[in-house]
């Protein structure tokens, strides 16, 4: 191949081939046929002689040139370098030619035993040429490459966007800075033919045993690949917990203080020094490797959340590290702190079952002063397309008003409030609602403000704040379920029966029926008609009945006061029982918290229990908190402490 490409050069000169192979004998055999005969005839026109020669390594040749070149001439440190890279399906290689003014010529064919692109091969060739020039002591270099991309990027004409090529470029610029004078030029491929041949030789041929007529080497890894740094445990810091014991076992060094020296001698009985490394004699494992404080976090992180970790608890984490053969004095405390600050463990932590604050009871000062409102549904679609239920309950008498709705718009809520609450029972002092859009509507809030009614909102996802209305919802829902048969769409027909039954049933907290606390007397119920009661069987005369009704109205105030006292007594007992289970959780302003996750159905069982972190912006008097995100944006509405937990970072 070389004779064909350099035919005129071979014809003009005598060619000497130095090799340890029997090429001359093979070409002179009289029985050659086929391809060997063809090659013999082609080479016969050239003046070729063969000499034996031993192998030379690249570094040996570089050292020879550096030693034998005379220092009297300034041309010895001026080198011209031709580089070229090649990458194909068979492999990758680089060709480098170095030549100085004294006629010294170095040719290197460098094989690349790792996958490369053509541009990466060009950069490897460039770096190999710089390394050879540095080894032979070159001071001024001129580098020629047929890669327009490499030449332009090194000279700064082109920008480098690819991250891997940018690492090559930074390494090249660092090496170019070591020379006194450098010049990088692009040459056409035909002017770089020798380097191109060497690069293709490295990418296609495989080295054989024996000597070669040119220098062939192999690069096993990319030039930009960094070697991993290994930290030796034997280099113990003087501030480490191991230092006193290590120094005593290593050189019998002890502190000046006699008590401290005695303490170290006793501790040293449990340790042993092997290969300049400190080990502790263990019970579960014969020898436990002592670990410095700087490596504790690495070990805990790998065990806790590494490829073999499953975010175990602090106690199990410490035991697993111990069974793996490690030891340091504060294993359990460090493991517990590591788990406490683990972000994933905090987000997927268990829900709080114990209440966070004492129970605060709400007692209405007089009938129909405090009302709770809530939406119940959706139900099966009934007549007039209704499928929701708006419910209002008085905190004092426990009287319930309810109306089916087709849509839960703000206008429907306001119409119900005016007709069923305001027109029947007067203007309330307080209305307690949740954070639904129909209750936070500007039109509804402006109407309440106009009549002097205060609106209180419950904390997000904390319906216990409006517990009276939630209890009324449960009563209505339970009554409808038990009265309905197969036709669930008739629930609106049964609603009034459920309300009638509730209003005429004594309430557990007051001991009186909502009807009597409202109207001062008991209502007649259907059973008294089927099986006549005394007041039905022996009715009073009309004027006597009217007089008794007026007397009951005069005494209704005492009746309501007694009901209020009974309710207060019962709520105190409930609060005392509740407060026994309280595990206090309070958060300071500015502290980080996680809040209960409003789970996405797409994540299913794998959804995190908590989300955040958020920063506490303000604390209210009733144990609720205003939050903001980490960028200072306020989160709407308040959050109860039961839906929050501390975040550790």
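State which residue pairs qualify: first residue surrounded by fewer than 20 Cβ atoms within 10 Å (Cβ to Cβ) and inside the range 634-649, second residue part of a loop (DSSP other than H, G, I, E, B) in any location, beta carbons under 8 Å apart, and separation of 6 or more residues or different chains. These pairs meet every condition: 635/629; 636/435; 637/435; 637/459; 646/585; 646/587; 646/591.
Taking the range 239-249 as the range and being farther than 11 Å from residue 268 by Cα and in contact (Cβ under 8 Å) with a residue 24 or more places away in the chain as the test, the residues that pass are 240, 241. Here is a check on your reading of the model: is residue 556 under 30 Å from residue 403 (Cα atoms) and exposed (fewer than 13 other Cβ atoms within 10 Å of the Cβ)? Answer is no for this residue.
Scanning for something in contact with a strand residue (DSSP E or B) (Cβ under 9 Å, 6 or more places away or on another chain) and within 27 Å of residue 400 (Cβ to Cβ), does the range 520-543 turn up at least one residue? So far as the range 520-543 goes, no, none of its residues is in contact with a strand residue (DSSP E or B) (Cβ under 9 Å, 6 or more places away or on another chain) and within 27 Å of residue 400 (Cβ to Cβ).
Return yes when residue 362 is closer than 28 Å to residue 473 by Cβ and either touching a helix residue (DSSP H, G or I) at 6+ places or on another chain (Cβ under 9 Å) or modelled with pLDDT of 90 or more (or both) and no when it is not.
Yes: the conditions hold for residue 362.
This table checks each residue for (1) touching a strand residue (DSSP E or B) at 6+ places or on another chain (Cβ under 7 Å); (2) within 20 Å of residue 198 (Cβ to Cβ).
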| position | (1), (2) |
| --- | --- |
| 89 | no, yes |
| 97 | yes, yes |
| 117 | yes, yes |
| 141 | yes, yes |
| 146 | yes, yes |
| 152 | no, no |
| 163 | no, no |
| 170 | no, no |
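Considering (1) at pLDDT below 85; (2) assigned to a helix (DSSP H, G or I), the lone condition that residue 209 does not fulfil carries the number (2). Among the strands (runs of 3 or more DSSP E) confined to the range 358-475, the ones with at least 1 residues that are touching a strand residue (DSSP E or B) at 6+ places or on another chain (Cβ under 7 Å) and either crowded, with 21+ Cβ neighbours inside 10 Å or without any contact (Cβ under 8 Å) to a residue 24 or more places away in the chain (or both) are located at 370-376, 388-394, 400-405, 430-433.
Looking across the range 476-503, the residues that are more than 15 Å from residue 386 (Cα to Cα) and in contact with a strand residue (DSSP E or B) (Cβ under 8 Å, 6 or more places away or on another chain) come down to 476, 477, 499, 502, 503. Report yes if some residue within the range 559-573 is in contact with a helix residue (DSSP H, G or I) (Cβ under 8 Å, 6 or more places away or on another chain) and within 26 Å of residue 382 (Cβ to Cβ); otherwise report no. Within the range 559-573 (the criterion being in contact with a helix residue (DSSP H, G or I) (Cβ under 8 Å, 6 or more places away or on another chain) and within 26 Å of residue 382 (Cβ to Cβ)), the answer is no, since none of the residues qualifies.
Do the conditions hold for residue 346, that is, is it buried (at least 18 other Cβ atoms within 10 Å of the Cβ), under 38 Å from the mean Cα position of the chain (by Cα) and assigned to a helix (DSSP H, G or I)? Criteria met by residue 346. For residue 346, indicate whether it is farther than 27 Å from residue 439 by Cα and at pLDDT 90 or above. Answer is no for this residue.
Taking residues in the range 157-182 that are over 15 Å from residue 122 (Cα atoms), and partners anywhere that are assigned to a loop (DSSP other than H, G, I, E, B), the pairs with Cβ atoms closer than 7 Å and at least 6 places apart or on different chains are 179/138; 179/139; 180/139.
Name the single residue, out of those in the range 504-529 being more than 11 Å from residue 397 (Cα to Cα) and under 60 Å from the mean Cα position of the chain (by Cα), that is surrounded by the fewest Cβ atoms within 10 Å (Cβ to Cβ). Filtering the range 504-529 for residues that are more than 11 Å from residue 397 (Cα to Cα) and under 60 Å from the mean Cα position of the chain (by Cα), the one surrounded by the fewest Cβ atoms within 10 Å (Cβ to Cβ) comes out as 508. Taking the conditions (1) at pLDDT 85 or above; (2) closer than 15 Å to residue 400 by Cβ; (3) in contact with a helix residue (DSSP H, G or I) (Cβ under 7 Å, 6 or more places away or on another chain) in turn, residue 438 satisfies each one other than (2). Check whether at least one residue in the range 80-96 is surrounded by fewer than 11 Cβ atoms within 10 Å (Cβ to Cβ) and either at pLDDT 70 or above or in the same structural domain as residue 134 (by the TED database) (or both), and report yes or no. Looking for residues that are surrounded by fewer than 11 Cβ atoms within 10 Å (Cβ to Cβ) and either at pLDDT 70 or above or in the same structural domain as residue 134 (by the TED database) (or both), one finds at least one in the range 80-96, hence yes. Note on the range 530-649: no enclosed strands (runs of 3 or more DSSP E) hold 3 or more residues that are within 21 Å of the chain's Cα centre (by Cα) and closer than 30 Å to residue 513 by Cβ.
Hey, does the range 290-298 have a residue that's in contact with a helix residue (DSSP H, G or I) (Cβ under 8 Å, 6 or more places away or on another chain), more than 21 Å from residue 340 (Cα to Cα) and buried (at least 19 other Cβ atoms within 10 Å of the Cβ)? Looking through the range 290-298, at least one residue is in contact with a helix residue (DSSP H, G or I) (Cβ under 8 Å, 6 or more places away or on another chain), more than 21 Å from residue 340 (Cα to Cα) and buried (at least 19 other Cβ atoms within 10 Å of the Cβ). Taking the numbered list (1) under 25 Å from residue 403 (Cβ atoms); (2) in a loop (DSSP other than H, G, I, E, B) in turn, residue 511 passes all entries but (1).
The values are calculated or read from the model by the stated rules, or taken from the named source; none is laboratory data. Being a predicted model, the structure only gives us computed values, none of them experimental. Positions of Cβ are generated from backbone atoms using ideal geometry, with glycine treated the same way; all protein chains shown enter the neighbour counts.
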